[in-house]
Amino acid sequence: MNIERLPPIVTSLQPSNHPYLNGAWTPLHEEVNAEGLEVIEGAIPTDIDGVYLRNTENQIHQPLGRYHPFDGDGMICQIDFHGGRADYRNRFVRTRGFAAEQEAGGSLWGGLADPVSLARRPGFGAHGALKDSSSTDVVVHAGRGLSTFYQCGEGYRFDPLTLETQGVEGWVPIDGISAHAKVDEATGELMFFNYSKHAPFMHYGLVDPDNRLVTYQPIPLPGPRLPHDMAFTEHYAVLNDLPMFWDAALLKRDIHAVRLHEGLASRFAILPRRGGDVRWFEGAPTYVLHWLNAYETGDEVVLDGYFQEEPMPPPRADAPPGFGAMMAYLDEASFRPKLHRWRFNLGDGSTREERLDDRTMEFGVINPRHAGRAYRYAWSTVSKPGWFLFTGWIKNDLITGESWTWDLSPGRYGSEAPFAPRRGGTGEDDGYLVSFVTDENTGRSECILLDAARIQDGPVCRIALPHKLCSGTHAFWAERAQVTERRAVALG
């Protein structure tokens, strides 16, 4: 392995006992290029060609207040597969907040768990006092990467091959864009939403394959809300208004406290992808972090996602002192998300719901070629109780009800594992799951490939990475054509 280490960044972070600044969440501050990665086990398949991109939160400076893991600066970690070999590189997203704090030599904004008075400069997004760290999500559209922040940040473009930050995306509206913009591989379109504390409280937009904003319309809501994800079908966008959001009385005092509002239903907005009239449907009250997929069948729009059985869990009694509430909201064993299906009848306006699997799971992926269309297979993560750490995967056959699992050995933690279609593959599960793994037993990280058709067999190969990665949130797989052919158009 040939490693090139880049000049160090400025950091002021001090050692602490914070549970999300240690262990698998220890921030990484080193940026490298590494060619010819060493294969630890198995062999890199020659029928995988593209890049795996993962966004991570890495706190650079000493927090002004009470650190939350979603406060950390965005860093894109990439592994590039081509011709049976793999290369790696990682880069911080050079946001305006990153640049300002590098110049200041310390933190300028408080975090999610802090009072707004801690911010030393005006903040970004729906919250208004946070740094836009662009650390939540990542996609590739029109040949370029796009990193986003869950509280509606500016949206930063970068080269998916070199990871060079290319600045704020020009079409992003003044209210920003939330994480979880959706790319339809079949059309090349990108769909997004945002939310804010002022009327109409939500907007929806669509960007065409040539990176031109063609739709941006209000989605009026009764007040400020906190949607986290959206879905789409071949003809529709699906948005949501769920009953867990900021307490209105406390918000008047600039306190951003979230609670479950008893008596309110879950609401779902269905509208044409390129804009138009919105139809609302109601369902059982819950909160959903992530949707899996949606599609049309007859008069129905079918939506699959992860229904939380306890959106407001009690503090974890086994958490370190003072961290009980934060640890519970980061713990799937506490809020208990279950794979769930909603059916919205466009003819009579009714909603039907059913549970697809009663095990706790989240962060699901599908074959992206089936996004917005009927599909059969889903792959979800399972987590370590008490922690935001992935310990394995479940594959669900949504037609037969069968499922298969594979678990990492103790002390090893994975990442969101998107589906990478096999070159020349024809089946829906003909491909690989790609994941970074941090091993707390050895203090090292690696990349693994699982055969998506047979995850229970374990890794096809294990590949050594040049440093230990910090855990993080979302990832994306882009095939070679997505980062070369369209890249020439986007950058031309």
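With Thr405, Thr391 as the choices, which residue is touching an Asp or Glu at 6+ places or on another chain (Cβ under 9 Å) and of a type in the set (S, T, N, Q)?
Residue meeting the stated conditions: Thr391.
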**Asked** Does the range 249-265 contain at least one residue that is surrounded by 21 or more Cβ atoms within 10 Å (Cβ to Cβ) and assigned to a loop (DSSP other than H, G, I, E, B)?
**Response** yes
**Request:** Name the one entry in Ala284, Ala328 that is of a type in the set (A, V, I, L, M), out of contact with any Gly (no Cβ under 7 Å at 6 or more places or on another chain) and loosely packed, with under 15 Cβ neighbours inside 10 Å.
**Result:** Ala284
**Message:** Anything in the range 4-38 that is farther than 19 Å from Gln102 by Cα and surrounded by 14 or more Cβ atoms within 10 Å (Cβ to Cβ)? List them, or say none.
**Reply:** His18, Pro19, Tyr20, Leu21, Gly23, Ala24, Trp25, Thr26, Asn33, Ala34, Glu35, Leu37
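Residues checked against (1) in a strand (DSSP E or B); (2) over 17 Å from Arg422 (Cβ atoms); (3) in contact (Cβ under 8 Å) with a residue 40 or more places away in the chain:
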residue	(1), (2), (3)
Ile448	yes, no, no
Cys461	yes, no, yes
His474	yes, yes, yes
Thr484	no, yes, yes
**Request:** Tell me which residues, restricted to the range 334-352, are surrounded by fewer than 16 Cβ atoms within 10 Å (Cβ to Cβ) and either assigned to a helix (DSSP H, G or I) or among the acidic types (Asp, Glu) (or both).
**Result:** Asp348
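Quick grid of which residues meet (1) within 22 Å of Leu339 (Cβ to Cβ); (2) in contact with a Cys (Cβ under 8 Å, 6 or more places away or on another chain); (3) at pLDDT 95 or above; (4) assigned to a loop (DSSP other than H, G, I, E, B):
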residue: Tyr216; (1), (2), (3), (4): no, no, yes, no
residue: His228; (1), (2), (3), (4): yes, no, yes, yes
residue: Gly276; (1), (2), (3), (4): no, no, yes, yes
residue: Pro285; (1), (2), (3), (4): yes, no, yes, yes
residue: Leu292; (1), (2), (3), (4): yes, no, yes, no
**Request:** Restricting attention to the range 294-319, report how many residues are within 24 Å of Val365 (Cα to Cα) and either touching a Ser or Thr at 6+ places or on another chain (Cβ under 7 Å) or not in a strand (DSSP E or B) (or both).
**Result:** 9
**Message:** Residues that are more than 24 Å from His474 (Cα to Cα), touching an Asp or Glu at 6+ places or on another chain (Cβ under 8 Å) and among the β-branched types (Val, Ile, Thr): does the range 211-229 have at least one?
**Reply:** yes
**Message:** Just to be sure I understand the filter: pairs with C-beta atoms under 8 Å, separated by 6 or more residues or on different chains, first member in the range 377-390 and at pLDDT 95 or above and crowded, with 21+ Cβ neighbours inside 10 Å, second member basic (Lys, Arg) and part of a loop (DSSP other than H, G, I, E, B). Which pairs pass?
**Reply:** Phe390/Lys384
**Prompt:** Can you tell me which of Pro27, Pro63, Pro7 is in a loop (DSSP other than H, G, I, E, B) and more than 25 Å from the chain's Cα centre (by Cα)?
**Reply:** Pro7
**Asked** Mind checking which residues of the range 419-472 are touching a Ser or Thr at 6+ places or on another chain (Cβ under 8 Å) and among the hydroxyl-bearing types (Ser, Thr, Tyr)?
**Response** Ser435, Thr438, Ser445, Ser471
**Item:** Answer residue from the range 187-210, given it is within 21 Å of the chain's Cα centre (by Cα) and not in a strand (DSSP E or B) and is nearest to Glu234 (Cα to Cα) among those
**Value:** Gly188
**Prompt:** Would a scan of the range 156-173 turn up a residue that is crowded, with 21+ Cβ neighbours inside 10 Å and aliphatic (A, V, I, L, M)?
**Reply:** yes
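The values are calculated or read from the model by the stated rules, or taken from the named source; none is laboratory data. Being a predicted model, the structure only gives us computed values, none of them experimental. Using ideal geometry, Cβ is built from the backbone for each residue, glycine included, and neighbour counts are taken over all protein chains shown.
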